[in-house]
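Peer 1: Before we start, here is the structure in question, set down as structure tokens.
All of the numbers you see were taken from the coordinates with simple rules; none came from a lab. Quantities reported herein were computed from a predicted structural model and do not represent experimental measurements. Positions of Cβ are backbone-derived with ideal geometry, glycine not excepted, and every protein chain shown enters the neighbour counts.
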Amino acid sequence: MHKPEPVTLSCAALRLEPMTAGHVAGLEAAARDGELWNLRVTSVPAPGETAAYVAAALKGQADGHMLPFVVIEAGSGRVIGSSRYHDIVPAVERLEIGYTWYGRSWQRTHVNTTAKLLLMQHAFETLSAKLVGWRTDNFNHASQRAIERLGARKDGVLRHHALRRDGTVRDTVMYSLAAGEWPEVKAQLQYQLARER
């Protein structure tokens, strides 16, 4: 697998740009759309915490295990959310997609499917990943449904696995998609997006 490097991924509707400190204000505005930091099962930065959120993501990038993106609506140029590659393990040609969130106005639209299509296409076709994974809180049912709609397979549940923001410990639901499954999943996602237009 090739090492993930900062790159802009784009299509007619969206642009995924490498996250920088210059995106703090845009990310804060996107998180205010729905006050997403109040959701118990996500890791959206609260007001005043976005600079630290970005700094932690960029440290993960510098350490080689993350590649964070901001999601931008192409027409307006407005930041509407964020996603990233994480738990990048070149030795086994695996990475995960996560830390994904969008302003409430963009939830249940084409945005998640479009952004994930761009990220998976880059992971499998440019980076030559053999497996892409996802993980989510056991109580984040909306996220689980969204991951399943992408064509990922549920691998299982890691019990008592990670701390939530509120200090409780969550079970983590794990999903994955193998390189051999990608062509059919790609065709299905493209079909779904074409139907939505």
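Peer 1: Which one of GLU184, GLU93, GLU35 has the biggest mean-square fluctuation once the chain is modelled by GNM with Cα springs under 10 Å?
Peer 2: Result: GLU184 has the largest fluctuation of those listed.
Peer 1: Quick one: order SER82, SER10 by neighbouring beta-carbon count within 10 Å, fewest to most. Working shown, then result.
Peer 2: On the way: SER82 28, SER10 13.
Ordered from fewest to most neighbouring Cβ atoms within 10 Å, SER82, SER10 come out as SER10, SER82.
Peer 1: Listing PHE139, PHE69, PHE124 from the residue with the fewest other Cβ atoms within 10 Å to the one with the most, what is the order? Intermediate results must be reported in sequence, preceding the final value.
Peer 2: Working: PHE139 15, PHE69 27, PHE124 23.
Ascending Cβ contact count within 10 Å gives the list PHE139, PHE124, PHE69.
Peer 1: Test of understanding: ordering ARG164, ARG108, ARG170 by Cβ neighbours within 10 Å, fewest first, what list do you get?
Peer 2: ARG108, ARG164, ARG170
Peer 1: Give me the distance in nm between label points sitting 7 Å out from Cα along the Cα-to-Cβ direction at HIS2 and ALA178, one decimal.
Peer 2: Rounded to a tenth, the inter-label distance reads 2.4 nm.
Peer 1: Set the Förster radius R0 to 30 Å, insert the Cβ-Cβ distance between GLU196 and ALA25 as r into 1/(1 + (r/R0)^6), and round the FRET efficiency to 0.05. Don't skip to the answer; put the middle values down first.
Peer 2: On the way: r = 30 Å, r/R0 = 1.01.
It comes out at approximately 0.50.
Peer 1: Something else about it: What does the net charge come to around THR50 if you take all other residues with beta carbon closer than 11 Å to its beta carbon, with K and R at +1 and D and E at -1? Could the numbers behind the result be given before it?
Peer 2: On the way: positive: ARG32; negative: GLU28, GLU49.
Neighbour charge sum, excluding THR50 itself: -1.
Peer 1: Which of LEU117, PHE69, LEU9 sits closest to the plus end of the dipole of the chain, meaning its Cα is farthest towards the positive end, when Lys and Arg get +1 and Asp and Glu get -1 on the C-beta?
Peer 2: With unit charges placed on the Cβ atoms, the residue in question is LEU117.
Peer 1: If a/c stays under 1.5 just call it rounded; otherwise compare a/b with b/c (prolate if a/b is bigger, oblate if not). Do that for the chain, with a ≥ b ≥ c from the square roots of the Cα gyration tensor eigenvalues.
Peer 2: Rounded, because the longest to shortest axis ratio a/c is under 1.5.
Peer 1: Grab the DSSP H runs of the chain that are 4 residues or longer, score each as -39,500 (n - 2.57), total them, divide by all residues and round the 222 nm result to the nearest 500 deg cm²/dmol. Working shown, then result.
Peer 2: Numbers: 5 runs with 57 residues, N = 197.
So the helix-based figure for the chain works out to -9000 deg cm²/dmol.
Peer 1: Still on this structure, please answer the following. In whole percent, what relative contact order does the chain give with Cα contacts below 8 Å and a gap of six or more residues?
Peer 2: Values: 344 pairs, mean separation 37.4, N = 197.
So the answer I get is 19 percent.
Peer 1: Between LEU36, LEU16, LEU27, find the one with the highest GNM mean-square fluctuation for the chain; connect C-alpha pairs within less than 10 Å.
Peer 2: The residue that fluctuates most here is LEU36.
Peer 1: Still on this structure: So, with +1 on the Cβ of K and R and -1 on the Cβ of D and E, and no other charges, what is the size of the charge dipole of the chain about its Cα centre, to the nearest 20 debye?
Peer 2: Details: 24 positive and 20 negative charges, 77 e Å.
For this selection, approximately 360 debye.
Peer 1: What is the extension gain from LEU158 to ASP87, computed as 0.36 nm multiplied by their sequence separation minus the C-alpha to C-alpha distance, in nm to one decimal? Present the calculation step by step, with values, prior to reporting the outcome.
Peer 2: Numbers: separation 71, 0.36 × 71 = 25.56 nm, distance 1.57 nm.
That works out to 24.0 nm of additional length.
Peer 1: Considering Cα pairs under 8 angstrom that are at least six residues apart, work out the relative contact order of region 138-197 and quote it in whole percent. Kindly include the intermediate steps, with their values, before the conclusion.
Peer 2: On the way: 55 pairs, mean separation 18.1, N = 60.
It comes to 30 percent, rounded to a whole number.
Peer 1: Using a Gaussian network for the chain with springs between C-alpha atoms less than 10 Å apart, which of these wobbles most: VAL54, VAL111, VAL169?
Peer 2: Sorting by GNM fluctuation, first place goes to VAL169.
Peer 1: LYS59: which lysines have alpha carbons under 17 Å from its alpha carbon, excluding same-chain residues fewer than 8 sequence positions away?
Peer 2: Within reach: LYS3.
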